Amino acid sequence: MKWPRTMGEKQMAGFLDKSRTVAKPGFNRWMVPPAALCIHLCIGQVYAFSVFKLPLTRVIGVTESAPGDWNQPTLAWIFSLAIAALGLAAAFGGQWLERVGPRKAMALAAACFGGGFIVSAFGVWWHQIVLVYLGYGVIGGIGLGIGYISPVSTLIKWFPDRPGLATGLAIMGFGGGAMIGSPLATLLMAHFSNETSVGVGATFVAMGLIYFLFMIIGALIVRTPAEDWQPAGYDPDTSHRNSAMITRSHVHVNQAMKTPQFYLLWLVLFLNVTAGIALLEQASPMAQEMVGTSAAAAAGFVGVLSIFNMGGRFIWASISDLIGRKATYAIFFVLGMALYALVPSIAAGGGIILFVLACCIIVSMYGGGFATVPAYLRDIFGTMHVGAIHGRLLTAWAAAGIAGPVLLNYLREGRIEAGVAPADAYTTTLYIMVALLLAGLVCNLLVRPVAQRHHYRPEMAADPG
């Protein structure tokens with residue numbers, strides 16, 4: 001039986017409807033990037049999840065792990081589930097997002113991400129790891145995925161003249177979320193901890209409420225442009241230096257899956273991220289083993305990499321507006337190959353400053369790849385379903401998140417078992433990264449405009465395939 005909705009439910013549903021988000025004349029489009037940042041600065045907390053890991057191993061013992069406390073391998077699944085749920089939610093939720101609009105999607109992301117913390121709090125209090133998996137991992141991960149893609153298509157529609165800058169602003173927030181989430185979690189755990197509690201449960205509740213509030217603010221601020229809106233003075237025929245690669249048409253998300261361009265761009269993102277995430281995951285041991293830094297200096301090195309990861313998302317995406325997305329990715333691959341090939345020689349020569357600089361540039365291009373790809377998709381497939389297409393492309397991120405660290409770690413271990421010194425064990429892996437980037441360069445060079453037969457036409461509405 002379907003119960004009739006109350007007046008309040010109807011009003012709330014109406015307020016979240018896509019039609020209620022259309023901006024009135026005179027709306028300042030620069031209000032939309034802050035709305036996106038409200039989402040991305042919150043969900044970027046996932047990069048700071050490690051601050052909870054040690055306290056979660058002492059939930060029973062408080063001062064030290066006790067029998068029955070969770071161990072590190074058990075807790076590692078929380079982050080893995082969150083990233084897996086992110087990828088699945090982005091892939092399968094993108095088309096729904098395009099249909100219902102950004103406000104409803106952002107509200108759902110806020111409810112899932114904030115609610116995931118609350119569910120996890122009960123998991124901590126009742127010491128039920130399944131509830132933490134369900135809360136932070138699955139429910140929170142769904143919020144991550146929907147929240148990550150929800151502002152993208154809206155920003156691109158508001159900034160057809162500067163799509164790279166707009167998406168770079170938002171996705172920079174995701175890279176910087178840990179810079180807020182880590183000290184916030186540490187402060188709250190210190191406040192709530194006592195002789196009988198490590199304070200994680202109460203911290204989860206507080207952070208869930210805080211993040212829900214800020215994400216809802218983003219949902220309230222966001223607006224979509226009217227269908228015929230364009231920035232003052234904008235001419236799509238003359239505003240792009242790389243206009244040959246920018247379509248004036250649109251491609252349905254299901255049709256996009258039938259084009260070679262989608263799979264080439266999937267490989268472009270996968271190969272760029274595989275190389276970058278492998279370095280990020282192993283950054284501290286690499287610094288200590290290759291150039292002999294102390295553990296404290298290696299920790300500082302990781303912090304510097306985070307800044308370049310965040311800054312690269314904005315800087316490289318903005319550069320792509322000037323030189324085009326294809327040229328930007330070509331720089332990522334060519335410069336990345338040169339740097340990966342040079343790192344072993346730099347490390348062998350003891351050049352710590354050059355080692356750090358090379359790694360920082362590599363990581364900046366890793367972040368820049370994430371921020372540039374939505375605009376690349378917009379160039380190739382148009383704006384109609386760019387959010388949905390972006391969601392499906394993010395499966396490349398999930399795959400790279402497994403492939404990169406596994407490749408680097410297993411090859412390193414194999415080299416050490418073969419008798420190679422730890423300082424030299426990375427050399428083979430880094431040269432393999434050069435080969436992967438070369439493959440990425442080839443894929444990028446093969447990207448061409450989508451054939452006209454794939455362009456959306458009104459008669460395709462019933463059967464987009």
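The values are calculated or read from the model by the stated rules, or taken from the named source; none is laboratory data. Treat the numbers as computed from the prediction; the structure is a model and nothing was measured. So basically every Cβ, Gly included, is an ideal-geometry build from the backbone, and we count neighbours across all protein chains shown.
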### Positions within region 58-112 being hydroxyl-bearing (Ser, Thr, Tyr) and outside any helix (DSSP H, G or I), in sequence order
63, 65
### Query
Looking at region 306-348, which of the residues that are in contact with a Gly (Cβ under 8 Å, 6 or more places away or on another chain) and among the hydroxyl-bearing types (Ser, Thr, Tyr) is surrounded by the fewest Cβ atoms within 10 Å (Cβ to Cβ)?
318
## Note on the structure
Over region 35-68, the set of residues surrounded by fewer than 16 Cβ atoms within 10 Å (Cβ to Cβ) and either closer than 19 Å to residue 155 by Cβ or outside the structural domain of residue 107 (by TED's automatic domain parsing) (or both) is none
### Message
Can you say whether residue 335 is within 30 Å of residue 259 (Cβ to Cβ) and not polar (S, T, N, Q), as far as the supplied structure shows?
### Response
yes
### Query
Which condition does residue 345 not pass, out of (1) touching a helix residue (DSSP H, G or I) at 6+ places or on another chain (Cβ under 7 Å); (2) in a helix (DSSP H, G or I), if it passes all the others?
(1)
### Task
Could you tell me whether region 187-203 includes any residue that is over 22 Å from residue 132 (Cβ atoms) and more than 25 Å from the chain's Cα centre (by Cα)?
yes
### Task
Within region 316-361, track down each residue that is within 22 Å of residue 278 (Cα to Cα), β-branched (Val, Ile, Thr) and either at pLDDT 95 or above or within 22 Å of the chain's Cα centre (by Cα) (or both).
328, 331, 334, 361
